[in-house]
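Everything on this sheet refers to the single structure shown next.
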């Protein structure tokens, strides 16, 4: 039984053509295409995180000033 990306039944001739090299990648294609990254969504998420970080840093500064540490 042959299962794509997992197994392959090579003929003797194929194995001979490959100099009897039995490395799996010579016979089984395991490549899987990576999903496309939505760069616009990633950029928006980065900007949202940076805005949140700025707000937290401002809040920390207020607390430190109240405590007389800064």
Checklist entry - In degrees, nearest 10, range 0 to 90: what is the angle between the Cα axis of helix 39-67 and the longest Cα principal axis of the chain? => result 30
Checklist outcome for this item: Note to self, the chain gives a 222 nm [θ] from helices alone (DSSP H runs n ≥ 4, -39500 (n - 2.57) apiece, / all residues, nearest 500) of -17000 deg cm²/dmol
Checklist entry - If you count, for each residue, the other Cβ atoms within 10 Å and average over each peptide, how do 33-44, 57-68 line up from highest to lowest? => result 57-68, 33-44
Checklist entry - Which entry is the computed mean projected area of the Cα convex hull in nm² for this structure: (i) 6.5; (ii) 5.9; (iii) 10.3? => result (iii)
Checklist outcome for this item: To the nearest 0.05, the calculated FRET efficiency linking residue 60 and residue 32 through their beta-carbon distance, R0 being 35 Å, is 0.20
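Values quoted throughout were computed directly from the atomic coordinates according to the rules given, and no laboratory measurement underlies them. These numbers come from a predicted model, not from an experiment. Positions of Cβ are generated from backbone atoms using ideal geometry, with glycine treated the same way; all protein chains shown enter the neighbour counts.
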